[in-house]
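Data first, discussion second: the structure below is written as structure tokens.
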Amino acid sequence: MSAVITKVKQKEIAQLIEKGKRLDGRGLTDFREIKIEQGIIERAEGSARVRLGRTDVLVGTKIEFGEPFPDTPTEGVLTVTTELVPLASPVFEAGPPDENSIELARIVDRGIRESKAIDTEKLCIEPGKKVIVVFVDVYVLNHDGNLIDASALAAMGALLNTKVPNYEVEDGEVKTTSGHTQLPIRRNPVTVTFAKIGGKLIVDPWLEEEQVMDARLSIAIDDDGNICAIQKGGNGYFEPAMILEAAKIAKDKAKEIRKKLGW
Amino acid sequence: MTDKPEKLIDKKGLRLDGRKPDELRPIKIEVGVISNADGSAYIEQGKNKVLAGIYGPREVHPKHLALPDRMVLKCRYHMAPFSVQERKSPAPSRREIELSKVIRESLEPAIFVEYYPRTMVDIFVEVLQADGGTRCASITAAALALADAGIPMRDIVVACAAGKAGDTIVLDLMDEEDKYGTADVPVALMPNLNAVTLLQMDGILSYDEFESAVNLAIEGCKKIYAMQKEAIRSKYASAKEEGEE
């Protein structure tokens, strides 16, 4: 998933980071500007569009009635998929999801699931038979790096304004009736992604930094500052001390973002 | 389905299978188990049974994927349909595709990929029986298979998980602890370079708990590393004896 970047620019990015600076003027642990719009797709039960600098991600949620998983008969179902839409980048291609797309969906899914963001027990209609299924579809509209954090924010943004239609059960069939209730949300996890470039950690890498990075680390933090999901990516490695440093920074950054968004 | 156990840790502080919190499951490792493969290894870790095979460096297929400055590394992690309680469809699941990627990325930092441009190395991992922690067992076995294939490497890679069961930080989670525990932190390590090449986590941990889990996992990796060395030495020691006869 990489476009071409000149050797000169690669070197410039790495040298600047060595001095504690970045090409776009940010400090090493600064996020780009975050803009979030919610409820912008009327047909969807919930939606949000997040712009992280020039990275642009739209998430729509849909509610259906379906069967629970056999091992969690009294819980609703969460399904996250991502679409790396071909118009978003010259390196995205139409077709079945590749490993990058699947990994992105599973990281977003893990952040929501492991923090127990959705009160899935409240989504049970008939234990073992009928539950509410929440589909979270992540649509990447412009790829300028750090799709993970943008997608995770947009997914939570969309869930927060997701409406569950009222329903009644008749002869085992679920029928929707007029009106709706809010999807029960308990937690607001925030994911913070780091790139390691030349032995230094930076927060929220943009596209060209991602092309230079040795490795990537994403950490999801819940409302209490606990860690609820982690994923390392990329072909490099992290020293153990660096991982702990990243976990500390992630905690502060997540708090900062949550405050900014009023979550 | 196994039923949810009442307690993961008993009054004496022991786990469901009688282990202490910082104790590994019994591990058996064998190197060079598939005669057709360029390198191979087999690991049993608790009830996990995992086979890893390496083919290559060989011609890249399809050809246009060849890289001028390095080898192409491919990895396929796959679970046998009979490896779990409920039959798993043999088609690759989204979980298997993600694990294939993270396993490849955990091994790649150890390999001198630039030594074999325009070639491909295939890593095949088959989980014959799963018991929690298959990705770690897969990495431990696949790294040995790479070494057995003679692929030049900076260091071996060894993996082990730590996590939280009940209120205790425990090493090397088995299936029930993985399912019903509070958190799971798989870690892969290049033991001589002290570099972490795989790190994932799910569940909920405070910063302090996370720190002890990572440290415990690294300790576990170092213990398994000793067994890895033993396994590869014993293969080549027996080969040497045969040669001398």
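Applying the selection to the stretch A:218-236, what residues are facing chain B (nearest Cβ under 7 Å), open to solvent by less than 30 Å² (accessible area, probe 1.4 Å) and not charged (D, E, K, R)? A:Ile227, A:Cys228, A:Ala229, A:Ile230, A:Gln231, A:Gly233, A:Gly234, A:Gly236 - these are the residues of the stretch A:218-236 that are facing chain B (nearest Cβ under 7 Å), open to solvent by less than 30 Å² (accessible area, probe 1.4 Å) and not charged (D, E, K, R). On inspection, A:Pro90 does not qualify as within 14 Å of chain B (Cβ to nearest Cβ) and not in a strand (DSSP E or B).
Taking B:Ala142 as the residue in question, decide whether it is crowded, with 24+ Cβ neighbours inside 10 Å, closer than 20 Å to B:Met227 by Cβ and either within 14 Å of chain A (Cβ to nearest Cβ) or touching a residue at least 40 places away in the same chain (Cβ under 8 Å) (or both). Don't jump to the end; show me each part of the working.
Numbers: crowded, with 24+ Cβ neighbours inside 10 Å: yes; closer than 20 Å to B:Met227 by Cβ: yes; either within 14 Å of chain A (Cβ to nearest Cβ) or touching a residue at least 40 places away in the same chain (Cβ under 8 Å) (or both): yes.
Criteria met by B:Ala142.
Entry remark, the stretch B:11-52: residues being open to solvent by less than 80 Å² (accessible area, probe 1.4 Å), assigned to a strand (DSSP E or B) and within 18 Å of B:Ala159 (Cβ to Cβ) number 15 in total. Restricting attention to the stretch A:114-127, the residues that are within 14 Å of chain B (Cβ to nearest Cβ) and either touching a Ser or Thr at 6+ places or on another chain (Cβ under 9 Å) or without any contact (Cβ under 8 Å) to a residue 60 or more places away in the chain (or both) total 0. Of all the residues in the stretch A:247-263, those that are of a type in the set (A, V, I, L, M), more than 10 Å from chain B (Cβ to nearest Cβ) and farther than 26 Å from A:Asn161 by Cβ number 1. In the stretch B:202-213, the residues that are at the interface with another protein chain (Cβ under 8 Å from one of its Cβ atoms) and more than 12 Å from A:Gly225 (Cβ to Cβ) reach residues that are part of a loop (DSSP other than H, G, I, E, B) and hydroxyl-bearing (Ser, Thr, Tyr) with C-beta atoms within less than 9 angstrom, at least six apart or across chains, in these pairs: B:Gly203/B:Thr182. On the basis of being at pLDDT 95 or above, farther than 30 Å from A:Gly225 by Cα and surrounded by 15 or more Cβ atoms within 10 Å (Cβ to Cβ), does B:Lys235 make the cut? So B:Lys235 fails the test.
Whether any residue in the stretch B:182-201 is in a helix (DSSP H, G or I), more than 27 Å from B:Pro5 (Cβ to Cβ), open to solvent by 20 Å² or more (accessible area, probe 1.4 Å) and at pLDDT 95 or above is what I want to check. No; the residues of the stretch B:182-201 include none that is in a helix (DSSP H, G or I), more than 27 Å from B:Pro5 (Cβ to Cβ), open to solvent by 20 Å² or more (accessible area, probe 1.4 Å) and at pLDDT 95 or above.
The values are calculated or read from the model by the stated rules, or taken from the named source; none is laboratory data. Note that the structure is predicted; figures quoted are calculated from it, not measured. Neighbour counts are summed over all protein chains in view; Cβ atoms, including those assigned to glycine, are modelled from backbone coordinates with ideal geometry. All accessible areas refer to the heavy atoms of the entire protein, side chains included, with ligands and DNA or RNA removed. Shrake-Rupley method; radii C 1.70, N 1.55, O 1.52, S 1.80 Å.
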